[in-house]
Amino acid sequence: MSDKLIIFDTTLRDGEQSPGASMTRAAKVRIAKALEKMRVDVIEAGFPIASQGDFEAVQAVARTIKDSTVCGLARALDKDIDRVGEALKDANSSRIHTFIATSPIHMEHKLRMSPDKVLEQAVYAVKRARKYTDNVEFSAEDAGRSEMDFLCRIIEAAISAGATTINIPDTVGYNVPDQFGAKVREIIERVPNADKAVFSVHCHNDLGLAVANSLSAVINGARQVECTINGLGERAGNASLEEIVMAVRTRSDVFSCVSDIDTTQIVPTSRLVSGITGFAVQPNKAIVGANAFAHESGIHQDGVLKSRETYEIMRAEDVGWSANRMVMGKHSGRNAFRSRLQELGTTFESEEELNEAFSRFKDLADKKHEIFDEDLQSLVTEANLESTVNESIKLVALKVCSETGETPHADITLWVEGEEKSGCSSGGGPVDAALKAIDSIIDSGSELLLYSVNNITSGTDSQGEVTVRLEKAGRIVNGQGADTDIVIASAKAYINALNKLLTTAPRAHPQGGDV
């Protein structure tokens with residue numbers, strides 16, 4: 001008999017901690033619905049104490065999701081735990097995830113607390129969380145660098161206090177697979193009441209070992225893995241959900257457990273997260289990268305044509321890749337448009353919202369002969385970006401002149417807080433000129449950290465999806481824009497980022513403050 005492997009997705013919480021990846025409430029709900037459709041067991045929706053916006057996002061996910069457990073993160077503090085309890089009170093199934101650091105370096109330098117005081121605080125936090133739900137998870141932050149004797153003591157105490165899941169995080173990505181797996185096994189063997197809880201792992205990818213460490217832990221008794229779509233997350237990211245799930249499924253000879261994940265939803269969900277966050281998936285990314293099932297070598301091509309199993313250990317269709325994409329065009333009607341987006345996991349709250357999206361679709365169909373699923377998802381993402389950000393700046397018109405041997409020049413007109421303003425600039429290229437023209441009107445004082453372009457579909461008429469990252473006074477935001485004209489897409493992305501930078505308040509960090 002195989003054990004159940006619980007998949008705990010933290011894309012909406014730890015994934016959001018990637019610089020510039022902050023998500024709106026509507027975006028979180030969209031991703032949560034996709035995760036629910038994928039049959040993720042636990043969705044960590046956010047850190048409610050961080051901000052009012054984060055609280056409302058967790059609350060909205062809790063009210064929307066019915067089939068997955070919705071979880072909120074809390075430090076071992078009354079105000080954090082109470083805030084999570086309030087955010088999750090309408091959830092069909094809820095979990096409070098509370099944590100405190102247990103490594104010597106964290107206890108001494110961050111918490112400035114003795115080990116005994118840390119243990120006392122952990123027990124108190126678990127008991128307080130139990131007032132709101134019987135489903136309580138306790139994490140020993142930086143367990144990967146914690147002393148074994150103390151780790152066993154605090155875990156035993158947390159289980160006795162009512163924790164039903166115990167998480168062993170490799171918070172800084174320091175561990176290697178053999179070491180980490182052995183640590184998890186030793187904890188399970190040494191803690192007297194270990195049979196009263198599910199053991200979980202949460203591995204970071206600083207050394208590129210997050211998936212390997214997680215899988216080693218599973219082999220050694222962990223039965224929950226905390227992971228994210230596309231490996232999104234703090235610093236170098238987290239263990240990738242898609243890699244964990246497919247490794248366990250593909251190598252059933254090694255792993256004596258199974259997950260309930262609907263793997264056909266992996267690629268669509270990956271694309272959704274990438275579109276919303278602006279973090280493009282690298283082509284050679286396992287499972288969800290564009291080249292994951294592509295074969296260039298003649299030897300490989302010949303082998304696959306004769307027998308797929310010669311060079312493919314998984315079927316592309318099993319993870320959601322399909323050549324049979326729905327193609328729509330300018331003759332497609334409103335009902336077909338609505339139906340296809342519903343199949344892709346997007347619904348409209350009002351006819352006005354549908355009409356706005358359909359109008360965008362028709363505009364795109366006039367520029368592009370065939371509209372693919374990826375184009376439709378991009379349209380919805382762009383509409384959500386505009387509706388959830390206070391658009392004090394809007395693009396009215398853009399003209400760019402670029403020719404061989406001449407310096408590119410851009411003229412731009414913007415709506416700035418209800419007033420039309422124009423500007424112009426030259427640049428090293430048409431995009432450079434356009435963004436400098438925007439700067440001539442909006443003197444934001446920000447620094448451009450990233451400019452990235454990706455084609456949404458194939459073909460020379462494909463939409464280009466542009467992501468920019470801006471930084472000002474330590475705040476980092478991403479902006480996105482899409483258009484068949486790369487220069488216009490760039491201007492849209494830059495303006496989207498400026499609107500976020502100038503109107504959105506910063507949010508707190510889960511590891512910030514005194515625990």
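Yes/no per residue for (1) at pLDDT below 80; (2) more than 22 Å from the chain's Cα centre (by Cα); (3) over 23 Å from ASP485 (Cα atoms); (4) outside the structural domain of LEU12 (by TED's automatic domain parsing):
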residue	(1), (2), (3), (4)
ASP302	yes, yes, yes, yes
MET314	yes, yes, yes, yes
THR346	yes, no, yes, yes
LYS362	no, yes, no, yes
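For the stretch 138-157, the candidate set comprises residues that are in a helix (DSSP H, G or I) and among the small types (Gly, Ala, Ser); within that set, the residue that is nearest to ASP206 (Cα to Cα) is GLY144. Pairing residues of the stretch 432-445 that are touching a residue at least 60 places away in the same chain (Cβ under 8 Å) with residues that are of a type in the set (Phe, Trp, Tyr), at Cβ distances under 6 Å and at least 6 apart in sequence or on separate chains, gives ILE438/TYR494. Going by the conditions given, is GLU226 in a helix (DSSP H, G or I), over 12 Å from the mean Cα position of the chain (by Cα) and closer than 15 Å to LEU209 by Cα? No.
Within the stretch 459-468, the set of residues being buried (at least 22 other Cβ atoms within 10 Å of the Cβ) and part of a strand (DSSP E or B) comprises GLU465, VAL466, THR467, VAL468.
Residues that are surrounded by fewer than 21 Cβ atoms within 10 Å (Cβ to Cβ) and over 23 Å from ALA74 (Cβ atoms) occur in the stretch 152-170; there is at least one. Would you confirm, using the coordinates I've provided, whether THR98 is closer than 16 Å to ASP78 by Cβ, touching a residue at least 40 places away in the same chain (Cβ under 8 Å), surrounded by 19 or more Cβ atoms within 10 Å (Cβ to Cβ) and of a type in the set (S, T, N, Q)? For THR98, the condition - closer than 16 Å to ASP78 by Cβ, touching a residue at least 40 places away in the same chain (Cβ under 8 Å), surrounded by 19 or more Cβ atoms within 10 Å (Cβ to Cβ) and of a type in the set (S, T, N, Q) - is met.
Test of understanding: among ALA482, ALA433, ALA437, ALA473, which residue is among the small types (Gly, Ala, Ser) and in contact with a Cys (Cβ under 7 Å, 6 or more places away or on another chain)? Let's see the steps before the verdict.
Numbers: ALA482 fails: in contact with a Cys (Cβ under 7 Å, 6 or more places away or on another chain); ALA433 fails: in contact with a Cys (Cβ under 7 Å, 6 or more places away or on another chain); ALA473 fails: in contact with a Cys (Cβ under 7 Å, 6 or more places away or on another chain).
Just one listed residue meets the conditions, ALA437.
For the stretch 431-458, filtered to residues that are acidic (Asp, Glu) and surrounded by fewer than 15 Cβ atoms within 10 Å (Cβ to Cβ), the residue that is modelled with the lowest pLDDT is ASP443.
What are the pairs, 6+ residues apart or on separate chains, where a residue within the stretch 494-508 that is modelled with pLDDT of 90 or more has its Cβ under 6 Å from a residue that is of a type in the set (Gly, Ala, Ser) and assigned to a loop (DSSP other than H, G, I, E, B)? Qualifying pairs under 6 Å: LEU498/SER444. Between a residue in the stretch 363-375 that is of a type in the set (Lys, Arg) and any residue that is in a helix (DSSP H, G or I), which pairs come within a Cβ distance under 7 Å, given they are 6 or more apart or on different chains? Note: no pairs meet the criteria.
Candidates in the stretch 101-118 are the residues that are of a type in the set (A, V, I, L, M, F, W, C) and closer than 12 Å to LEU151 by Cα; of these, the one that is surrounded by the most Cβ atoms within 10 Å (Cβ to Cβ) is ALA101. Residues being β-branched (Val, Ile, Thr) and assigned to a loop (DSSP other than H, G, I, E, B) are entirely absent from the stretch 210-217.
Considering only the stretch 66-75, I want to know if a residue exists there that is of a type outside the set (Ser, Thr, Tyr), assigned by TED's automatic domain parsing to the domain that holds ASP262 and farther than 25 Å from SER200 by Cα. No, because not a single residue in the stretch 66-75 is of a type outside the set (Ser, Thr, Tyr), assigned by TED's automatic domain parsing to the domain that holds ASP262 and farther than 25 Å from SER200 by Cα.
Residue check: is ASP178 at pLDDT 95 or above, within 26 Å of ILE244 (Cα to Cα) and part of a helix (DSSP H, G or I)? Yes; evaluated as a whole, the condition is true for this residue.
Scanning the stretch 120-134 for residues that are over 16 Å from THR165 (Cα atoms) and either touching a residue at least 60 places away in the same chain (Cβ under 8 Å) or buried (at least 20 other Cβ atoms within 10 Å of the Cβ) (or both) turns up just one, GLN121. Applying the condition of being touching a helix residue (DSSP H, G or I) at 6+ places or on another chain (Cβ under 7 Å) and among the basic types (Lys, Arg) to the stretch 162-211 and asking which residue is farthest from LYS127 (Cα to Cα) yields ARG190.
If we scan the stretch 176-187, do we find a residue that is in contact with a Lys or Arg (Cβ under 9 Å, 6 or more places away or on another chain) and buried (at least 18 other Cβ atoms within 10 Å of the Cβ)?
No, there is no match, as no residue in the stretch 176-187 is in contact with a Lys or Arg (Cβ under 9 Å, 6 or more places away or on another chain) and buried (at least 18 other Cβ atoms within 10 Å of the Cβ).
The set of residues in the stretch 198-217 being touching a Ser or Thr at 6+ places or on another chain (Cβ under 9 Å) and surrounded by 24 or more Cβ atoms within 10 Å (Cβ to Cβ) consists of SER200, VAL201, HIS202, CYS203, HIS204, ALA210, ALA217.
Screening the stretch 135-151 for residues that are within 27 Å of the chain's Cα centre (by Cα) and not hydrophobic (A, V, I, L, M, F, W, C) and picking the one that is surrounded by the fewest Cβ atoms within 10 Å (Cβ to Cβ) gives ARG145.
The values are calculated or read from the model by the stated rules, or taken from the named source; none is laboratory data. For clarity, every value in this text was computed on a predicted model and none was experimentally measured. Cβ coordinates were reconstructed from backbone atoms using ideal geometry, including for glycine residues, and neighbour counts include every protein chain displayed.
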